[in-house]
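The values are calculated or read from the model by the stated rules, or taken from the named source; none is laboratory data. Quick caveat, the model's predicted, so the values are computed rather than measured. Heads up, the Cβs are rebuilt from the backbone with ideal geometry, glycines too, and the neighbour counts pull from every protein chain shown. Each accessible area value is taken on the protein alone, full model and side chains, heavy atoms only, with ligands, DNA and RNA left out. Shrake-Rupley method; radii C 1.70, N 1.55, O 1.52, S 1.80 Å.
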Amino acid sequence: MNLLIKNGTLITASETYQADILIQDEKITRIAPTIEADSAQITDASGKLILPGGVDPHVHLDLPMFDTVSSDDHYTGHKAAAFGGTTTVMDFVPLDSPLPMGEGLGVRAGDFKYSVDLWLKKAEKAAIDYSFHMNLTQFNEKIAKEIPSLMKMGIQTLKVFTAYNGRLRLDDGSIFKALRIAKENGMLMMAHCENGDVIETLVAEALANGHTTPEYHALTRPAWGAVESTLRMAAMAEQADSPVYIVHMNAGGEVDMLKYAREREVKVMGETCPQYLFFTIDNLRQPDGAKWICSPPMRTKDDNARLWDGLSAGVLQTIGTDHCPFFSDGSRPIVYEGSEISIPGKELGKDDFTKIPNGLPGIQDRMPIMWTYGVRAGRITPNQFVAYNCTNPAKIFGLYPRKGALLEGSDADIVIWDAEKKVKYGVAHSHQRTDYNLYEGWELTGYPEKVFLRGKLIVDGDEWKGKRGDGRFLKRGEGEVL
C-alpha cells in the first residue's frame, strides 16, 4: 500500500520547508507542497517535523570483550536505535573473529571474507538496515593484496588503531601503506587515536602502585595522547594523499588539530559522540564510576565545551555513538521482551579498572539527547542536527542519497518528530539491553513519534512494530570527503 505523509515540516541538512511526501515501493517517490493520492494510506503530520532516518556510523554489536560480550546484538541494538530515530547503523567486523565452539571452521589469519561472513551470520536477525567497517588490526603482504576485495563485499572502510599495543595497534609504517592502498581503491581509513606506548607505561605504573579504581582508566589515557595521535594521523593522510576519518573525538585539542589540518586542505574528518559532550572524569570518580568506562575516556568540562564549539562552528562532521553496552551488574538479570537475561558486565573489573569492559549504551539516546541539549539549547541548528546525525554519515560512507536524505528516490527512512513531546528519560524508557542509562532522569523535549524503515512503520509511539530479519545489509561504494 502507498503511504502519504501530509502537512509536516521537512528538515534536511540545508533546508526547512513544509511539504507532503508520497511513498511507494519502499521509496520516496514525490515531495510537493500538496499531494493528493486516492489510493494511499494517509498519515497526518500536522504540527510535527519530518526528518530522514538517523545514520549511526559507529556501533559495536555482539562484540566479544574480555570475558563477556556487548549486551546488545543485531536485533536488540537495532530495535533500540529505531526507538531513537535511527534507521541505519554501521558495525565493525573484527579481523579473525573466533567462531563459536563446535562450528568446525577454525580461524583463518587475515581472511576478510571469513570475518565478514561471520558478522553477516550474526546480523541475520537485523531489525534495521546496516553496513560494516573492517578493523585492520594486522598487516602483511598477503593482507595488503586482499584489502581491495573488501570493496567487492560492499565495505569501503578500514579502521586502524594507534593504541592497544600487541592486540589491535598497527605501526605507523603499516598505517601509511594501508592509507596508500585505500587511496588507490577509493576507500576510507578510520582511526582510533590515542598513544598506545604512553598508555601501556602508565597502566603498568598505576597497577604497580595499587591504583585500581575507575578514574585511573582516564588518568592512564591522557588527552595529549589523543591530540598528538590525531595530528599524526592527519599528517600521514596528507603524505599519502588519502582521506582519514577520526572516530570518537573526545578532547578539545583534537578539535584544534582537526581545524588546523582542514585549514591546510588535509582530507581529514572528525566524529564525536554524545558522551564526550556531557560527562567528565568526575563521573568515573563516583561510586558507580565503572558505568562511564569507555575508550577513549571522559575528559574535562573544558573538553566538553570545545567539542560543542566544534559542532557549532562546523569543524566536526558527524555524531556517532560508539554504542558498546555492558551490564553494570551482570549478576542481576533484567527482563527484556518478557524474558530474564543477564550477561557478565562491569562487575568483572570491580577490583581492577583494566578488567572493566570498555563501552557504553547510546544507540537510542543519540538523537533525542542531541535535540534537547543541542538544538533546543541553541548550540546547533535543526539543519546541523540532520547533517551530523543523518546526512553527513550517509555521504561520507557511500550511502547518500539512498540514506540520510529526504529526496525523491531515497529510501523511505523517515522519522516523524514531535518537537514538543516531553520525556523523563532513563533506563525504563530505553530499549537498549542493559541495566543502566547514562542520562537517567534527564528531562527531554522532542522525541520520535513514528519511525519508518523503507516505508514500513516500525515504531509507533511506544509500540514496536518491527521484527527480526527486517534489516538489510547495505553494500557501499565510494563516499564523499566533506
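One table, with the values for the structure above:
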read-out: Qualifying residue in the range 157-166 (condition: farther than 24 Å from Gln317 by Cβ and open to solvent by 50 Å² or more (accessible area, probe 1.4 Å)); value: yes
read-out: All positions within the range 142-156 that are closer than 20 Å to Leu168 by Cβ and either open to solvent by 40 Å² or more (accessible area, probe 1.4 Å) or in contact (Cβ under 8 Å) with a residue 60 or more places away in the chain (or both); value: Lys142, Glu146, Ile155
read-out: The range 430-457 residues that are without any contact (Cβ under 8 Å) to a residue 60 or more places away in the chain, paired with ones that are charged (D, E, K, R) (beta carbon under 6 Å, 6 or more apart); value: Leu457/Lys465
read-out: Candidates Leu316, Leu307, filtered to the one that is part of a loop (DSSP other than H, G, I, E, B) and modelled with pLDDT of 95 or more; value: Leu316
read-out: Identity of the residue in the range 207-245, closer than 16 Å to Ile281 by Cα and among the aliphatic types (A, V, I, L, M), that ends up surrounded by the most Cβ atoms within 10 Å (Cβ to Cβ); value: Ala226
read-out: Count of the range 279-288 residues which are open to solvent by less than 40 Å² (accessible area, probe 1.4 Å) and of a type outside the set (Val, Ile, Thr); value: 3
read-out: Residue among Gly186, Gly210, Gly196, Gly225 that is without any contact (Cβ under 8 Å) to a residue 24 or more places away in the chain and out of contact with any Leu (no Cβ under 8 Å at 6 or more places or on another chain); value: Gly210
read-out: Filter result for Tyr245 (among the hydroxyl-bearing types (Ser, Thr, Tyr) and in contact (Cβ under 8 Å) with a residue 60 or more places away in the chain); value: yes
read-out: Failed condition for Asp351, given (1) open to solvent by less than 50 Å² (accessible area, probe 1.4 Å); (2) in a loop (DSSP other than H, G, I, E, B); (3) of a type outside the set (Ser, Thr, Tyr); (4) more than 25 Å from Val427 (Cα to Cα); value: (1)
read-out: Selection status of Met269, touching a strand residue (DSSP E or B) at 6+ places or on another chain (Cβ under 7 Å), part of a helix (DSSP H, G or I), modelled with pLDDT of 95 or more and surrounded by 20 or more Cβ atoms within 10 Å (Cβ to Cβ); value: no
read-out: Any hit, the range 356-375, residues being surrounded by fewer than 17 Cβ atoms within 10 Å (Cβ to Cβ), assigned to a loop (DSSP other than H, G, I, E, B) and in contact with a strand residue (DSSP E or B) (Cβ under 9 Å, 6 or more places away or on another chain); value: no
read-out: Residue ranges of strands (runs of 3 or more DSSP E) in the range 402-463 with at least 1 members of a type in the set (Gly, Ala, Ser); value: 414-424, 443-453
read-out: Some residue of the range 334-353 being of a type in the set (Val, Ile, Thr) and within 30 Å of Leu10 (Cβ to Cβ); value: no
read-out: Leading residue by the ranking (nearest to Ala19 (Cα to Cα)) among those in the range 61-70 that are out of contact with any helix residue (DSSP H, G or I) (no Cβ under 9 Å at 6 or more places or on another chain) and touching a residue at least 60 places away in the same chain (Cβ under 8 Å); value: Leu63
read-out: Options Lys421, Lys395, Lys350, Lys355; residue that is within 22 Å of Thr157 (Cβ to Cβ), touching a residue at least 24 places away in the same chain (Cβ under 8 Å) and among the charged types (D, E, K, R); value: Lys395
read-out: Members of the range 1-56 that are closer than 30 Å to Phe397 by Cα, touching a residue at least 40 places away in the same chain (Cβ under 8 Å) and small (Gly, Ala, Ser); value: Gly8, Ala13, Ser14, Gly53, Gly54
read-out: Selection count where residues are part of a loop (DSSP other than H, G, I, E, B), touching a Lys or Arg at 6+ places or on another chain (Cβ under 6 Å) and open to solvent by less than 20 Å² (accessible area, probe 1.4 Å), scope the range 36-83; value: 4
read-out: Output for the range 160-173, where each listed residue is in contact with a strand residue (DSSP E or B) (Cβ under 9 Å, 6 or more places away or on another chain), of a type outside the set (A, V, I, L, M) and farther than 18 Å from Glu228 by Cα; value: Arg167
read-out: Residue that is touching a Pro at 6+ places or on another chain (Cβ under 6 Å), at pLDDT 95 or above, of a type in the set (A, V, I, L, M, F, W, C) and crowded, with 17+ Cβ neighbours inside 10 Å, where the choices are Leu457, Leu453, Leu444; value: Leu444
